[in-house]
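Please read the structure below before turning to the comments.
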Amino acid sequence: MERVVDPQAKPAGSMRGWSEPLAFGVMVVTLAAAPFFAYPLFVMQALCFALFACAFNLLIGYVGLLSFGHALYFGWASYLSAHAAKVWGLPPELAIITGTATAAALGLIAGSLAIRRQGIYFAMITLALAQMMYFFALQAKFTGGEDGIQAVPRGKLFGFIDLANDMTMYAVVVIIFLAGFLFIHRIIHSPFGEVLKAIRENEPRAISLGYKTERYKLVAFVLSATLAGVAGSTKAIVLQIASLTDVNWPMSGEVVLMTLLGGLGTIFGPVVGAFVILAMQYKLAPLGEWVLVIQGVIFVACVLLFRRGIVGEIAHLLRIKL
Amino acid sequence: MFEIFGIPSQALFGQLLIGLINGSFYALLSLGLAVIFGMLNIINFTHGAQYMMGAFTAYLLLQHTGLGYWPALIVAPILVGITGMIVERTMLKWLYKLDHLYGLLLTFGLALIIEGVVRNYYGSAGLPYTMPESLQGGRNLGFMFLPNYRAWVIVASLTICLGTWFVIERTRLGANLRAATENPTLVRAFGINVPRMITLTYGFGIALAAFAGVMAAPIYNVSPQMGAELIIVVFAVVVIGGMGSILGAIVTGFGLGVIEGLTKVFFPEASNTVIFVIMAIVLLVRPAGLFGRRA
Amino acid sequence: MKRLLATAVLAVVLAAGTAQAQTSVKIGVLSDMSSLYSDIAGPGSVAAAKMAIADFTAKNPGIKVELISGDHQNKADIGSQLANQWYDVDKVDLIIDTPNSGVALAVSQITSTKNKLFIVSGAAASDLTGPKCNANTIHWTYDTWMLANGTGKALVKTGGDTWFFLTADYAFGHALERDTAAAVEKNGGKVLGKVRHPLNTNDFSSFLLQAQTSKAKVIGLANAGGDTINAIKAGAEFGIVKGGQKFAGLLVFASDVNALGLQTAQGLTLTETWYWDANETNRAWTKRWQAERGAAGKFPTMVQAGVYSGITHYLKAVTALKSGADGKAVVAKMKDTPTDDPLFGKGTVRADGRKIHDAYLFEVKAPSESKYPGDFYKLRATIPAAEAFRPLKEGGCSLVGS
């Protein structure tokens, strides 16, 4: 049975080494140049989604767990971060930490329930739990219902760096994104990451080798939720708004789409996927009514025609690792 | 007359009955999901959209061909079932050898497409669908006013659910189906056309969803998004019941409808979350679901 | 990645042919083109905007107006991003429409920081001219306070003095219920009870049983869209209206009535500020709108009419000032000049940004009374402009001097 990640996409060991650092270099240069060519707010938002997709990919791509409820961590983190910055008056770094901690805690609770079942059930449980928390967000007073939390102050980072300036904010977002990205890369290539991949390939075998796979899966789940929380918290500060959009189920679907389109189990795939999907949403604004249909078509096309995704296909063609 | 937690018993009976009606829809939908899952090993995310298609088809039949509710109850499920079989033949069948998750992703994409297309042509506000005259009105049961239509919903869905259960568990056709699920190669060796059986099963599961859609058309808003949120609740129902058993899906569907109905009386604010909470508890106590077999 | 144009390509340049230096402005219709509110605003608002521009430039060739449109998809973040980009990159002077209060509040704020102009027609939140008002925003067509007060007061006066609320359990529903209950009690009515239901509830029957048991004369629906429709559908089935109780829709549009069908909706009472079939002018305008929209079977809503009316008044102010660059100045001019247009008649824009005009209490006709498609309402009462909206002092808007 073919796994979620096509093992053939992984090239021979001798080829690894240069392609990833090169791609990383290209990405850093592009990000440094981007604000001079593109609208900075757009790039910042895309970076938040890119980090969100990378966090999601950690689960599906390297543990083989499809969470259909990742909006839960992204959205609740953004609520708490916005609330901390606006109502409690915390500086941005503490606001982001508050949001992230919330996501981690929610990830621990939801994760310990969800990992009790595998495969499709896992996906349905994560979806159901996220929907439940969406209803809480809708009814809770502090979230402001359909108005969301608006006019969130960006504040001063560490008390002296004023984030009101878009370029300063941009630099901070890039740093957060790159830190998150490198952290995920580190996890994947650590011994812990190797165990995760072993679980993905053959869980019973990993169990028979003496690994407590449930514990590994839970840690991976919490890590993924936490990083999604970093992305959500940052987004709330950047766009100065936290809203129901971020906790609702279409958002969970969107992050799946970004990762699938970019390439499941590739390091750069989710980043590419996030940028493509967001660019599409804005480019297609005049087509308004068709956005949903086009997203659906991309889903179907990815599943039927190119399961490796954009980056996965490129890597496969060039026989490199990305 | 006595009271339970401050609610008169008569009102309580009424609410129990209403919960049962609500549960009829859960039962029909989760039954369809269970049938499809049993045969194809795919969790059909398009189920909500196909439920919506059922309701819209009923509307279109009435508008363009003058076919009323009763014929629509048969024609719409057949038409929607056929579109389902086309989907199975052209798309789903390529996924059987892959991880199950791809089936979920594909059907999710299809659900978006269907919802988007319907919204483009018919707007989002919804469409009117009038109740057939023969089912209008209602009767006073003493403890509540029961609209005839609701009584019909219970009877019809119970009949369909039990009929399906009987066919699958008690007939030769059902025996073949179950055998094909367990061991397709062996069944094929007996000269049974397994791929065709899979197609028909998928079509039947979809027809059940469309049937529920037609039943919903006179009482719920017929809009493109009518199935999207419902399907998430049905997923939770399926997790609670476990998809291993047909009877399990039916019983859980009706049961949770009743529980949800009671929540609407005692604690209405929580009535949309109660099923999810039950799901969490069931996962803690019986991870495989109430009727599930441990995989 | 090159400059990302978030905007519609639909940019229609309706330039007049004169060669002299002209006043030139750019208008952006920011609306919901694809989801919940696309029927009450969306493409129909764009059509109304085109008509307003065409009508105005025909009489005033000295002004050049460009029109773009975009879809905020009902997401506050996408809406605020679009607004930012329109003001910064595309040099839009006026954003109009914007159904969905969350998006409208976000855009209002951005408009204020960038000193541009925002006319709200599609969103309901009365906070826009209350605690969250600013000198760059005008709220045109309707708001929650007016709906609650109009329906609540008018029904109590015509005998509907006991109420039971079915309230959507989130901020919007609570606000609607609170405002209506206040209006009911102020006019001598009584609230017998309420039940808070979750958003997007399918089955309203158990809530309706509770409403039925309360014996209230009026069941107030403090919800919107699909919830309102589902509640009324279930009500018809359980014989609520036949049993002598009455539904009062607190946020119901003609498109909802259409979705219900008159058979089910008959007897429903609701408040609107504009109705296509109210007079000859509106009917003629509707015909033109249907041609422009390319939809013969659809009927314009008050939101879409508000877009027409709002743009007309805006262009008058810009013509008088010969510039649309300074948002605050244009708003001040719009507040100084009384409004007058074919659809909403004479009116004013108040200091807090609230546009003032008459409101109407309608009752949905029975199928037998409806003579032609779109013949939905009979007029029950006219609420004069002076009483229709929240008194200036009560809103808590900082622009209002004490």
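Note on the protein assembly as shown: with charges restricted to the Cβ of Lys and Arg (+1) and Asp and Glu (-1), its dipole about the Cα centre is near 1020 debye. Summarising the overall dimensions of the stretch C:239-350 from its C-alpha atoms, the Rg and Dmax are 18.2, 61 angstrom.
Counting only other chain Cβ atoms within 10 Å of each residue's Cβ, the peptide B:226-237 averages 4. The distance separating the Cα centre of the stretch A:112-191 from that of the stretch A:246-322 comes to 19 Å.
For the stretch A:7-318, pairs of C-alpha atoms spaced more than 34 angstrom apart make up 19 percent of the total. Its DSSP H runs of at least 4 residues, each contributing -39,500 (n - 2.57), put the calculated 222 nm mean residue ellipticity of chain C at -12000 deg cm²/dmol, to the nearest 500.
Mean separation of Cα pairs under 8 Å and 6 or more residues apart, divided by the residue count, gives the stretch B:23-224 a relative contact order of 46 percent. Placing unit charges on the Cβ atoms of the charged side chains and taking the dipole of chain A about its Cα centre, the candidate lying farthest along the positive direction among A:ILE149, A:PRO270, A:HIS316 is A:HIS316.
Straight-line reach from C:LYS194: taking Cα to Cα under 18 Å and skipping same-chain neighbours fewer than 8 places apart, the aspartates and glutamates in range are B:GLU269, C:ASP161, C:ASP169, C:GLU177, C:ASP179, C:GLU185, C:ASP203, C:ASP227.
Does the stretch B:117-186 classify as rounded, prolate or oblate by the C-alpha gyration tensor (a ≥ b ≥ c root eigenvalues; a/c under 1.5 gives rounded; else a/b over b/c gives prolate, otherwise oblate)? Provide the component values of the computation, followed by the final result.
Values: a/c = 4.34, a/b = 1.51, b/c = 2.87.
Because a/c hits 1.5 or more and a/b fails to exceed b/c, the stretch B:117-186 counts as oblate.
Once each part is reduced to its C-alpha centroid, what is the distance from the stretch C:324-402 to the stretch B:152-221 in angstrom? Each part reduced to its Cα centre gives a spacing of 57 Å. For the stretch C:354-402, applying the loop criterion from DSSP together with a ceiling of 15 other beta carbons within 10 Å to the trypsin sites (Lys or Arg not before Pro) yields C:LYS371.
Once the trypsin sites (Lys or Arg not before Pro) in DSSP loops with at most 14 neighbouring Cβ atoms within 10 Å are cut out of chain A, the longest remaining piece is A:17-140. Here the average projected area of the convex hull drawn through the C-alpha atoms of the stretch A:137-260 stands at 10.3 nm². Put +1 on the Cβ of every Lys and Arg and -1 on every Asp and Glu Cβ in the stretch B:23-224; which of B:VAL155, B:PHE143, B:ALA189 then has its Cα farthest towards the positive end of the dipole? Projecting each Cα onto the dipole axis, the largest value belongs to B:ALA189. Along the stretch A:61-74 the Karplus relation, 6.51 cos²θ - 1.76 cosθ + 1.60 evaluated at θ = phi - 60°, assigns HN-Hα couplings of x, 10, 10, x, 9, 8, 8, 9, x, 6, 4, 3, 6, 4 Hz to successive residues, with x for each Gly and Pro.
Applying a DSSP loop filter and a limit of 12 other Cβ atoms within 10 Å to the chymotrypsin sites (Phe, Trp or Tyr not before Pro) in the stretch B:174-273 leaves B:PHE190. Here the relative contact order of chain C, from alpha carbon pairs under 8 Å that lie six or more residues apart, stands at 18 percent. Amide H contacts of C:THR339: C:GLY347, C:THR348, C:VAL349, each under 5 Å away and 5 or more positions distant or on a separate chain (H built 1.01 Å from N in the peptide plane; Pro and chain starts excluded).
Sort the stretch B:1-139 into rounded, prolate or oblate with this rule: let a ≥ b ≥ c be the square roots of the eigenvalues of the Cα gyration tensor; rounded if a/c is under 1.5, and if a/c is not under 1.5, prolate when a/b is larger than b/c, oblate otherwise.
oblate
Excluding the site residues themselves, the longest part of chain B lacking any trypsin sites (Lys or Arg not before Pro) in a DSSP loop with at most 12 other Cβ atoms within 10 Å is B:98-292. Structure shown: which of C:LYS59/C:LYS378; C:LYS114/C:LYS316; C:LYS153/C:LYS346; B:LYS264/C:LYS233 lie over 26 Å apart, alpha-carbon to alpha-carbon? C:LYS59/C:LYS378, as the Cα separations exceed 26 Å there.
Taken about its Cα centre, chain A carries a charge dipole of roughly 740 debye when the Cβ of each Lys and Arg holds +1 and the Cβ of each Asp and Glu holds -1.
Nearest 20 debye, what's the magnitude of the dipole of the stretch B:1-148 about its Cα centre given +1 on Lys and Arg Cβ and -1 on Asp and Glu Cβ? Show your work: numbers first, answer last.
Details: 5 positive and 5 negative charges, 57 e Å.
Roughly 280 debye for the stretch B:1-148.
Total lysine pairs in chain A at Cα distances under 26 Å, for residues eight or more apart or on different chains: 13. Stretching B:ASN41 away from B:ARG89 to a fully extended chain increases their span by 15.7 nm, per 0.36 nm per residue minus the current alpha-carbon distance.
Translational diffusion coefficient, Stokes-Einstein: compute it for the stretch A:183-322 using the Kirkwood radius over C-alpha pairs as Rh, at 10 °C and 1.306 mPa s, and state it as an integer in µm² s⁻¹.
So the translational diffusion coefficient is about 93 µm²/s.
Note on C:LYS26: aspartates and glutamates with a C-alpha under 14 Å away, same-chain residues under 8 apart excluded, are C:GLU66, C:ASP88, C:ASP90, C:ASP93, C:ASP326. A simple spin-label model places pseudo-atoms 7 Å from Cα toward Cβ; at A:ASN202 and B:PHE166 they are separated by 4.8 nm.
Given a cut-off of 22 Å, what percent of all Cα-Cα pairs of the stretch B:94-211 lie beyond it?
60
When shorter helices are ignored and each DSSP H run of at least 4 residues is given -39500 (n - 2.57), the per-residue value for chain A at 222 nm works out to -23500 deg cm²/dmol. For the stretch B:23-224, the orientation-averaged shadow of the C-alpha convex hull comes to 12.8 nm² (one quarter of the hull surface). Per the Debye calculation on the stretch B:140-267 with a single equal scatterer at every Cα and no solvent contribution, log₁₀ I(q)/I(0) for q = 0.13, 0.16 Å⁻¹ amounts to -0.71, -1.00.
Here C:LYS393 is the anchor, and the aspartates and glutamates within straight C-alpha reach of less than 14 Å, apart from those fewer than 8 places off in the same chain, are C:ASP127, C:ASP352. Legend: calculated FRET efficiency, C:LYS378 to C:ALA296, from the Cβ-Cβ distance at R0 = 30 Å, rounded to 0.05, equals 0.80. Projecting the Cα atoms of B:PHE56, B:LEU173, B:ALA72 onto the dipole axis of the stretch B:23-224, where Lys and Arg carry +1 and Asp and Glu carry -1 at the beta carbon, places B:LEU173 farthest toward the positive end. Whole angstrom only: what separates the Cα centroid of the stretch C:75-119 from the Cα centroid of the stretch B:89-129? Result: 34 Å between the Cα centres. The orientation-averaged projection of the convex hull spanning the C-alpha atoms of the protein assembly as shown amounts to 42.1 square nanometres.
The overall shape of the stretch C:175-257, judged from the alpha-carbon gyration tensor, is oblate: a/c is not under 1.5, and a/b is no greater than b/c. With all pairs of different C-alpha atoms in the average, the Kirkwood value for the hydrodynamic radius of chain C is 21.4 Å. For the stretch A:7-318, relative contact order (Cα pairs under 8 Å, six or more residues apart, normalised by length) works out to 32 percent.
Rule-based calculations on the coordinates, nothing more; no lab input. The structure displayed is predicted, hence computed values, not measured ones. Note that we place each Cβ from the backbone using ideal geometry, even for glycine, and neighbour counts take in every protein chain shown.
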